Amino acid sequence: MIALPATFAALSDPTRLAILSRLAQGEASVNDLAALFPISQPAISRHLKVLDEAGLIERRVDGTRRPCRLNPQALAPVRRWISDLERVMEANYARLDALLAPSERTPDAPDT
């Protein structure tokens with residue numbers, strides 16, 4: 001199972017998010033990705049290593065190329081975690097709403 005801390009750590013960097021956005025359009029090599037950023041190819045490779053270790057991307061060998069692509073199942077644990085968190089928060093807000101809702105009884109008003 002992909003560890004959520006590693007996934008969130010990988011997603012916390014703007015360059016890695018931009019790399020993932022590019023890979024959402026299709027497979028790309030390290031050199032393809034390096035051409036898009038004002039950083040060196042070794043720096044892109046380090047970002048790709050973090051994304052790979054978090055399970056967010058997959059790499060394959062194609063001759064001398066090492067294209068990367070998104071791992072389609074990578075965000076499933078994140079979606080489940082967010083969904084569980086939303087359920088808990090909605091239950092908490094529902095309880096708070098019930099506490100703050102005006103009572104159905106109305107106070108006795110003096111007749112005037």
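Residues 57, 19: which one is in contact with a Lys or Arg (Cβ under 8 Å, 6 or more places away or on another chain), of a type in the set (A, V, I, L, M, F, W, C), modelled with pLDDT of 95 or more and surrounded by 13 or more Cβ atoms within 10 Å (Cβ to Cβ)?
57
Go through (1) in a loop (DSSP other than H, G, I, E, B); (2) surrounded by fewer than 13 Cβ atoms within 10 Å (Cβ to Cβ); (3) at pLDDT below 90 for residue 2 and report which single condition fails.
Status for residue 2: all satisfied but (2).
Okay, residues lined up against (1) within 16 Å of the chain's Cα centre (by Cα); (2) touching a residue at least 40 places away in the same chain (Cβ under 8 Å); (3) assigned to a helix (DSSP H, G or I):
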| site | (1), (2), (3) |
| --- | --- |
| 6 | yes, yes, yes |
| 22 | yes, no, yes |
| 55 | yes, yes, no |
| 73 | yes, no, no |
| 80 | yes, no, yes |
| 83 | yes, no, yes |
| 86 | yes, no, yes |
| 90 | no, no, yes |
| 95 | no, no, yes |
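Residue 37 is checked against (1) in contact with a Ser or Thr (Cβ under 9 Å, 6 or more places away or on another chain); (2) loosely packed, with under 13 Cβ neighbours inside 10 Å; (3) touching a residue at least 12 places away in the same chain (Cβ under 8 Å) and fails just one. What number does that condition carry?
Going through the list (1) in contact with a Ser or Thr (Cβ under 9 Å, 6 or more places away or on another chain); (2) loosely packed, with under 13 Cβ neighbours inside 10 Å; (3) touching a residue at least 12 places away in the same chain (Cβ under 8 Å), residue 37 breaks only (2).
What's the total number of residues in region 24-44 that are closer than 17 Å to residue 7 by Cα and either of a type in the set (Ser, Thr, Tyr) or assigned to a helix (DSSP H, G or I) (or both)?
Final tally of qualifying residues: 0.
The values are calculated or read from the model by the stated rules, or taken from the named source; none is laboratory data. Please read these numbers as outputs of a predicted model, since none were measured by experiment. Virtual Cβ from ideal backbone geometry, glycine too; neighbours counted across all protein chains shown.
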